[in-house]
Amino acid sequence: MHTFEFVRPDSPAAAVTVAAQSKTAQQGAEVRFLAGGTTLLDLMKLNVETPAKLVDINRLPLDKVERTPDGGVKIGATVRNSDLAYHPVIQRDYAVLSQALLAGASAQLRNMATTAGNLLQRTRCMYFRDTAMPCNKREPGTGCPAIAGSNRTLAVLGTSEHCIATNPSDMNVAMAALEATVHVQGPKGTRAVSIGDFHLLPGGTPQRETVLEPGDLVTHVTLPPPIAGSNQVYLKLRDRASYEFALASAAVVITVAGGTMTRARVALGGVGTKPWRSPEAESALVGQIANATSFRHAADAAMRGATPQSENAFKIELAKRCLTHALHTAATS
Ligand SMILES: Cc1cc2nc3c(=O)[nH]c(=O)nc-3n(C[C@H](O)[C@H](O)[C@H](O)COP(=O)(O)OP(=O)(O)OC[C@H]3O[C@@H](n4cnc5c(N)ncnc54)[C@H](O)[C@@H]3O)c2cc1C
Ligand code: SF4
């Protein structure tokens, strides 16, 4: 691993000032915030990330889960994934988030991993993690070997001719279904970004993954007030039962009254280049009887427009079955 300077600011403002020295907050950043380190340190060992400065944010006062005045919840950036998953308010009111967190990684990793770090975790595309290979995301303009190569685990939604990497997070999928808002403190002040706008599609600039600018620190994430009477399910399908990323996953938050779905929020994981909220599936569900036919129509709608590669066409049907099953479980729970 290369050498780097390590700083430990005592306030968010001080952290922002140091990080603002970087020319970018995207791939190639000279300054990086260090949270749990479970993504960043791995990538530094692989020389995929080579920051000159690490800004340790673990001492900042960003580690609380609190109620907001509107009845929602505020989750600090450095709240550990395990603490969040087992928080009584999250387990009771935002069960889909607790389930998604517990479906990710391992108990040891969840004890280190943080809310903001999870939000910003990088793709597991093997070419991205191997500096001997070209990769548009790591080195813009060098090409995307995954398109003609090993792409079984990669995305079928939101891809471009420049990158087909999957957003690997489970937490992000639940956050998308819960309509989370990401709060950022930067050199120009604070701002709030809806989770749907936070991650970017690869397009022609796959090295740019989020809207973050130099110095931007994610301070917390808020969730709107819980939907009374909603049924929530996160279902993750993967090659082995634990310690594995999703091939396809579904987060659903539905409300059923008298057998009819009156509200639906649906997001998919493992298949999109960003956490994939599906308004198409949601519209197909609302007003329909909660049964196998309407679930399948919604799943078809969610995956319409999917673009398979040589090895991952199976994900389209897998994602449809994943969503159908998640909806069935939610409707009957
Ligand atoms: C073996 C293994 C298996 C895994 N399996 C899964 C899985 O099944 N599902 C899953 O979802 N995840 C999985 N993960 C990923 C894991 O969830 C992430 O590594 C973790 O959530 C990252 O959080 P962190 O706090 O360690 O981030 P860090 O590594 O500290 O940071 C990650 C990135 O976020 C930036 N960052 C951190 N905090 C902030 C902030 N407040 N503001 C701005 N930028 C910030 C850092 O600079 C860095 O670029 C796995 C990881 C490993 C190593
Ligand atoms: S899919 Fe994206 S991350 Fe993977 S090799 Fe292609 S450009 Fe790189």
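Laid out as a table, the results:
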item	result
Complete set of residues in region 29-57 that are out of contact with any helix residue (DSSP H, G or I) (no Cβ under 9 Å at 6 or more places or on another chain) and open to solvent by 50 Å² or more (accessible area, probe 1.4 Å)	Glu30, Leu41, Asp42, Lys45, Leu46, Asn47, Ala52
Strands (runs of 3 or more DSSP E) wholly inside region 201-280 containing at least 1 residues that are within 30 Å of Val18 (Cβ to Cβ) and either open to solvent by 10 Å² or more (accessible area, probe 1.4 Å) or charged (D, E, K, R) (or both)	217-223
Hits in region 17-28 - residues which are under 23 Å from the mean Cα position of the chain (by Cα) and either open to solvent by less than 20 Å² (accessible area, probe 1.4 Å) or β-branched (Val, Ile, Thr) (or both)	Ala19, Thr24, Gln26
Some residue of region 79-86 being near ligand 1 (Cβ under 9 Å from one of its atoms) and open to solvent by 30 Å² or more (accessible area, probe 1.4 Å)	yes
Selected residue [within 16 Å of ligand 1 (Cβ to nearest atom) and touching a Gly at 6+ places or on another chain (Cβ under 9 Å)] from Ala165, Ala155, Ala177	Ala155
Failed item, numbered, when Thr3 is tested on (1) of a type in the set (Val, Ile, Thr); (2) in contact with a helix residue (DSSP H, G or I) (Cβ under 7 Å, 6 or more places away or on another chain); (3) more than 12 Å from ligand 1 (Cβ to nearest atom)	(2)
Some residue of region 173-185 being assigned to a loop (DSSP other than H, G, I, E, B) and open to solvent by less than 10 Å² (accessible area, probe 1.4 Å)	yes
Qualifying residue in region 305-313 (condition: crowded, with 16+ Cβ neighbours inside 10 Å and touching a Pro at 6+ places or on another chain (Cβ under 9 Å))	no
Sole exception among (1) in contact (Cβ under 8 Å) with a residue 60 or more places away in the chain; (2) farther than 20 Å from Pro226 by Cα for Gln288, by number	(1)
Matching residues in region 221-243 - criterion: being under 15 Å from Ala100 (Cα atoms), in contact with a strand residue (DSSP E or B) (Cβ under 9 Å, 6 or more places away or on another chain) and within 14 Å of ligand 1 (Cβ to nearest atom)	Tyr234, Leu235, Lys236, Leu237, Arg238
Restricting region 142-167 to residues that are over 13 Å from Pro202 (Cα atoms) and open to solvent by 40 Å² or more (accessible area, probe 1.4 Å), the residue that is farthest from ligand 2 (Cβ to nearest atom)	Arg152
Cys135, sole failed condition from (1) in contact with a Leu (Cβ under 8 Å, 6 or more places away or on another chain); (2) more than 15 Å from ligand 1 (Cβ to nearest atom)	(1)
Number of the condition not met by Ile75 [criteria: (1) part of a loop (DSSP other than H, G, I, E, B); (2) within 14 Å of ligand 1 (Cβ to nearest atom)]	(1)
Near pairs, Cβ below 6 angstrom, 6+ apart or cross-chain, from region 33-50 (within 16 Å of ligand 2 (Cβ to nearest atom)) to any residue that is polar (S, T, N, Q)	Thr39/Gln121; Asn47/Thr131
Filter result for the condition that a residue is closer than 30 Å to Ala148 by Cα, under 18 Å from the mean Cα position of the chain (by Cα) and not β-branched (Val, Ile, Thr), over Tyr243, Tyr234	Tyr243
Counted residues, region 50-72 - those being near ligand 1 (Cβ under 7 Å from one of its atoms) and within 27 Å of Tyr127 (Cα to Cα)	0
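The values are calculated or read from the model by the stated rules, or taken from the named source; none is laboratory data. Model, not experiment: these values are computed from the prediction. Counting neighbours? That spans all protein chains shown, and the Cβs are built from the backbone with ideal geometry, glycine included. In case anyone asks, the SASA skips ligands and DNA or RNA and just uses the protein heavy atoms, side chains included. Shrake-Rupley method; radii C 1.70, N 1.55, O 1.52, S 1.80 Å.
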